[in-house]
Amino acid sequence: MQKKLSRRDFIKTASLVSLAAMAPASVRALFERAAGSVPQPNVIVIVLDTMSARHLSLYGYPRNTTPKFERFAERAVVFHNHISSGNYTTPGTATILTGMYPWTHRAINQSGVILRSLLPRNLFSLLGDQYNRFAFTQNLWADYLLNQFENDIDAYLLPGSFSVADKSFGKNFLNDLNAGNRAFDDFLFQEGSRPASLVFGALEKQYFMRQLAKTSDKGYSRGLPHDVTNPKYFRLEDVFDGVNAQLAGLTPPFFSYIHLYAPHEPYRPRAEFENIFKDNWKPESKPVSRFNDGSTNSNLLTRRANYDEYIANVDFEFGRLIDSLTESGVLDNSIIVVTSDHGQLFERGIHGHSTPLLFDPVIQVPLLISIPGQVTRQDVYSPTNGVDLLPTLLHLTGREIPAWCEGKVLPKLGGVEDSGRAIYSVEAKTNSAFAPLSKVTVAMRRNNHKLIYYSGYGLDPWYELYDMDVDPEELNDLYPSTPSFAPSLRDELMTSLEQANQSLGK
């Protein structure tokens, strides 16, 4: 019996058809799926933690770090100026999953979570139970966010899955994983410092050390990759093989959110990737920031090379995963999204991403999206933001985009290039999530200009302004000369921040 279309279904289908007429053939095929004539595509989102676009040969980096990414790019849309909404895991990941900026969802603190009143605003819920929804993250801070959406996730793997040793004890409290992790792993045991419980902390450490003693680091001469904050040790190839097995076993159509820890520090590639960048190349020298952590140029160069080696190892494993998905046929019927939650700094006397700074190396991240039927590469150079992923995936799967969504559908995938729009990144990890943002850094990008606002760091608030077309390394601060366009940019940024503060909790 043929299903009768409701008026709402008819309007939705008609709008999809009208949009499809203007879209490339591969996108038109997705509209046909959304209209119900063919099965819905799978959606696979892969987040590679701490991967800066500035270190990928895909985007012109002089070291050949990403040959497999470049091969995948030949059948994808490649975004060259994609910006994370934050400079570390919590805000960057929360924005990907909610389509809201950090000053709205308020997951702004380290290991923070989204405002409870906003929990229905997530990608798992919006895609709906027509999809088999699967989630896995190795990063416990990202796991706190996924646990908030547990009612909208059908299948879920714990962060220690595919690890050879896992120190987490909170994972045993399945009825409330966030409370278990916070009570035991973040409080009672406290890796790297005196534990709140001297007895249980010592017992847990002894148990973990016994696990480690049984593991082998064969093939990893610098030691196994691991998470320092919430210790778990793993082999990179085991993690990618485990993810591949999980994807192969999911019933389509499925939505899979996969958040892998590498290439986050410590940088521990397999032995065959060590020292592959023993060259004389050095990045452009930059002035030491007032927020510097004491890292010397020599130390930063060494860490940069190790990071690049680790990226090359991740790239190799990613290539194996794509090959397997191709052979199994999963790739033919899947939207594949590859991105990161934030980047990494190796400049200005700083290593890492625990900084108030929002220079592009710590917020410019890769974004590649391949859709079923795509056989050619397309490049987008206008600035885009992590806030755009949720509306784009809803659009590609025929879902309605809610009015509260703060992003736009990405170019080449149903949206249009718009360099004139303002996009934002927000850093406020030491500000209360329930108070107006006063200790904060906000970066706003409009056209080729990037304005950065700093407030609450023991100095009067100040601004920095860069022309990203002529000064992509952000070395020449234009703000002291106050060009004619600076006041309008400043007023726009401050108005957006004030509106966000006024709407807190609404």
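Taken together, the values in this text are just the output of simple stated rules run on the coordinates, not laboratory data. These numbers were taken from a predicted model, which means no experiment stands behind them. With ideal geometry, Cβ positions are generated from the backbone for all residues, glycine too; neighbour counts draw on all protein chains shown.
Give the residues of the range 264-302 whose amide nitrogen is closer than 19 Å to a point set 7 Å from the Cα of D323 in the direction of its Cβ.
270-274
Taking H placed 1.01 Å from N in the peptide plane, check which residues at least 5 places from G415 or on another chain put their amide H under 5 Å from its amide H.
The list, which skips near neighbours in sequence, is L410.
Over 31 Å between Cα atoms, which of K68/K232; K232/K278; K68/K408; K68/K218; K232/K439; K214/K429 qualify?
K232/K439; K214/K429
Where the eigenvalues come from the Cα gyration tensor of the range 39-502, what are the semi-axes √(5λ) of the equivalent ellipsoid, largest first, in whole Å?
Here the semi-axes work out to 31, 27, 25 Å.
Below 13 angstrom from the Cβ of D491, what's the summed charge of the other residues (Lys, Arg +1; Asp, Glu -1)?
Once all neighbours under 13 Å are counted, the net charge is 0.
S125 versus A403, label points 7 Å from Cα toward the beta carbon: distance in nm?
The answer from the label model is 1.7 nm.
In the range 277-311, which residues have a backbone nitrogen under 14 Å from the label point lying 7 Å from S221's Cα in the Cα-to-Cβ direction?
Label zone hits: 277-278.
Near S432, within a Cβ-to-Cβ distance under 10 Å, what is the net charge of the other residues, with Lys and Arg +1 and Asp and Glu -1?
+2
Could you pull out the GluC sites (Glu not before Pro) across the range 350-438 that fall in loop regions by DSSP (anything but H, G, I, E, B) with no more than 14 other Cβ atoms inside 10 Å?
Values: sites: E400, E406, E417, E427; in loops: E400, E406, E417.
Those that pass, being in a loop and sparsely packed, are E400, E417.
Whole Å is fine, so just give me how far the alpha carbon centre of the range 323-373 lies from that of the range 433-492.
25
Please work out how much length the chain gains when fully extended from Y479 to R290, using 0.36 nm per residue of separation minus the C-alpha to C-alpha distance, in nm with one decimal. Spell out each step's value before the answer.
Numbers: separation 189, 0.36 × 189 = 68.04 nm, distance 1.74 nm.
Residue separation times 0.36 nm, minus the Cα-Cα distance, leaves 66.3 nm.
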